[in-house]
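Reviewing the structure listed below.
Coordinate-derived values only; no laboratory data. No experiment lies behind these values; they were computed from the predicted model shown. So basically every Cβ, Gly included, is an ideal-geometry build from the backbone, and we count neighbours across all protein chains shown.
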Amino acid sequence: MATAGKVITCKAAVAYEPNKPLVIEDVQVAPPQAGEVRINILFTALCHTDAYTWSGKDPEGLFPCILGHEAAGIVESVGEGVTEVQPGDHVIPCYQAECKECKFCKSGKTNLCGKVRMATGAGIMMNDRKSRFSINGKPIYHFMGTSTFSQYTVVHDVSVAKVDPQAPLDKVCLLGCGVPTGLGAVWNTAKVEPGAIVAIFGLGTVGLAVAEGAKSAGASRVIGVDIDSKKFDIAKNFGVTEFVNPKDYDKPIQQVLVDLTDGGVDYSFECIGNVSVMRAALECCHKGWGTSVIIGVAASGQEISTRPFQLVTGRVWKGTAFGGFKSRSQVPWLVDKYMKKEIKIDEYITHNLTLGEINKAFDLMHEGGCLRCVLKMHE
Ligand SMILES: NC(=O)C1=CN([C@@H]2O[C@H](COP(=O)(O)OP(=O)(O)OC[C@H]3O[C@@H](n4cnc5c(N)ncnc54)[C@H](O)[C@@H]3O)[C@@H](O)[C@H]2O)C=CC1
Ligand SMILES: N[C@@H](CCC(=O)N[C@@H](CSC=O)C(=O)NCC(=O)O)C(=O)O
Ligand SMILES: [Zn+2]
Ligand SMILES: [Zn+2]
């Protein structure tokens with residue numbers, strides 16, 4: 001590549017301050033150092049976690065930064081020692097790394113990886129503890145180790161999954177976050193079995209992916225709970241069989257669900273990021289075995305609570321990051337499943353815009369009629 005080893009100046013959406021509109025800037029992207037990969041990002045979607053950090057409520061939020069973590073692109077160049085990808089490879093950046101060597105990766109118990117997490121949380125690269133992004137010499141922080149709201153980004157080699165070059169990047173970019181998170185919460189974290197009764201709190205992309213996962217796992221009832229009744233029509237297409245709007249009831253929503261299910265659901269999933277709903281999701285579970293999985297990201301300072309009796313009497317409270325999927329090993333497998341039409345992606349994409357329209361894309365996301373908006377990065 002003619003650009004290898006050189007600084008690339010390209011367009012990126014920079015978050016200078018919490019909640020202030022993102023600014024499209026010319027950003028300098030330094031070449032990848034040892035163990036790093038520079039990617040030409042072709043498509044990125046927006047996730048509510050980007051909005052969460054942008055809101056200033058993320059304790060790890062750093063400004064100015066380049067947000068974005070649900071994307072796909074093509075490797076432009078690689079740093080010294082990078083062996084698993086090369087220029088031209090089609091890739092999905094993975095905010096949850098997989099080094100295959102650390103204590104976490106080797107445990108067989110988790111998909112979390114410890115190798116670069118400190119650096120990604122601090123908005124820098126591990127090699128020299130610096131950012132690869134700058135504007136006229138002033139550094140701009142990375143975000144989640146991905147920063148996909150830039151036409152070019154630099155990631156750690158342990159944070160990049162090589163995928164089938166035939167896969168449409170404007171679709172499989174969604175496999176960078178929301179869809180795997182919902183599917184994996186069901187398949188890997190909860191391990192829902194055939195016949196189970198499932199409740200899903202929040203029917204955005206993550207909740208709908210939970211519904212899709214639950215349907216494929218053979219759940220007998222998939223109860224969708226959302227305060228926006230418009231969500232039900234679309235939710236039916238993803239496997240939701242019944243809909244409950246908490247606004248239609250005077251009693252607590254956990255009681256409504258317990259009454260509807262002869263004592264409670266087998267599995268519940270919180271896909272909102274609301275700690276009161278997390279409590280309800282636990283408490284609507286069946287005594288003795290019901291398991292509740294927290295997926296939603298709650299703001300700094302928020303805490304969950306319940307009576308310990310809820311756990312003493314057999315309910316289980318769990319959480320999941322990226323649906324428990326090991327990113328580099330399993331994202332390519334998810335891409336293959338999409339290519340074989342075994343999982344949906346297109347159905348989650350309600351809007352397509354360009355990088356220059358990113359602020360409009362966030363507005364759409366907040367309006368509720370948008371599941372995923374995919375941005376074309378190069379006009
Ligand atoms: N743990 C993980 O690895 C991941 C977590 N997330 C988090 O998952 C959450 C969901 O993400 P999306 O589906 O993209 O969000 P979304 O905003 O599209 O969906 C949330 C849904 O919850 C509904 N809702 C809001 N308040 C409610 C309430 N009190 N009761 C019932 N329904 C309510 C909304 O109407 C909406 O349909 C976010 O917090 C996001 O940050 C996202 C990806 C990965
Ligand atoms: N910095 C945040 C962390 C928010 C969080 O929990 N992120 C999820 C992914 S959300 C994707 O859209 C996650 O995978 N967490 C595990 C991790 O290693 O970060 C905060 O502190 O609230
Ligand atoms: Zn996300
Ligand atoms: Zn690791």
### Query
Which of the GluC sites (Glu not before Pro) found in region 45-136 are loop residues per DSSP with 16 or fewer other Cβ atoms within 10 Å of their Cβ?
GLU60, GLU80, GLU84, GLU101
### Task
Work out, step by step, the length gained on full extension between VAL7 and ILE24: first 0.36 nm times the residue separation, then minus their alpha carbon distance; give nm to one decimal.
4.3 nm
### Query
Which residue fluctuates the most in the chain, going by a Gaussian network model with Cα springs under 10 Å, if the choices are MET125, MET339, MET144?
MET339
### Summary
Fewest to most Cβ atoms within 10 Å: LEU260, LEU375 sort as LEU260, LEU375
### Query
Summing -39500 (n - 2.57) over the DSSP H runs of n ≥ 4 in the chain and dividing by its residue number, what mean residue ellipticity at 222 nm do you reach, to the nearest 500 deg cm²/dmol?
-6500 deg cm²/dmol
### Task
Under 16 Å Cα to Cα from LYS171, which lysines show up? Leave out anything in the same chain fewer than 8 places away.
LYS162, LYS337, LYS340, LYS341, LYS344, LYS376
### Lys/Arg +1, Asp/Glu -1 at C-beta; region 88-240 dipole; positive extreme among ILE200, THR189, PRO139
PRO139
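Counting Lys +1, Arg +1, Asp -1, Glu -1, what net charge surrounds GLY61 among other residues with beta carbon under 12 Å of its beta carbon?
With Lys, Arg at +1 and Asp, Glu at -1, the net is -3.
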### Summary
If the chain between GLU379 and ASP259 were fully extended at 0.36 nm per residue, the gain over the current Cα-Cα distance would be 37.9 nm
### Message
Loop by DSSP (not H, G, I, E, B), at most 16 other beta-carbon atoms within 10 Å: where is the longest site-free stretch of the chain for chymotrypsin sites (Phe, Trp or Tyr not before Pro)?
### Response
17-248
### Message
Which residue fluctuates most in the GNM of the chain (Cα springs below 10 Å): PRO32, PRO308, PRO180?
### Response
PRO308
### Query
How large is the dipole of the chain about the Cα centre if only Lys and Arg carry +1 and Asp and Glu carry -1, each at its Cβ, rounded to the nearest 20 debye?
760 debye
### Task
Lys and Arg at +1, Asp and Glu at -1: add these up for the other residues within a Cβ distance under 11 Å of GLY121 and post the number.
-1
#### Entry: Dipole of region 111-177, positive end: most advanced residue of THR153, MET118, GLY176 [Cβ charges, Cα centre]
MET118
### Query
What is the P(r) of the chain, as percent of Cα-Cα pairs per 10 Å bin from 0?
5, 25, 33, 24, 10, 3, 0
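What percent do you get for the relative contact order of the chain when only Cα pairs under 8 Å and 6+ apart count?
Relative contact order comes out at 17 percent.
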#### Entry: Inter-probe distance in nm under a simple model that places probes 7 Å from Cα toward Cβ, at GLU101 and GLU193
4.0 nm
#### Entry: Contact order relative to length of region 181-320, as percent, for alpha carbon pairs under 8 angstrom and 6 or more apart
23 percent
### Message
Cut-off 16 Å, label point 7 angstrom out along Cα-to-Cβ of ASN245: give me the residues of region 362-377 whose amide nitrogen falls inside.
### Response
368-369
### Message
Cut-off under 12 Å on the C-alpha distance; same-chain residues fewer than 8 positions from LYS106 excluded. Which aspartates and glutamates are left, in chain and number order?
### Response
GLU98
### Query
Where nothing but the Cβ of Lys and Arg (+1) and of Asp and Glu (-1) is charged, how large is the charge dipole of region 220-368 around its Cα centre, in debye to the nearest 20?
540 debye
### Message
I want to verify a result. In a Gaussian network model of the chain, Cα cutoff 10 Å, which of these has the top mean-square fluctuation: LEU203, LEU67, LEU311?
### Response
LEU311
### Message
Set the bar at 28 Å for Cα to Cα. Now go through LYS109/LYS130; LYS100/LYS191; LYS115/LYS318 and name every pair that lies beyond it.
### Response
LYS109/LYS130
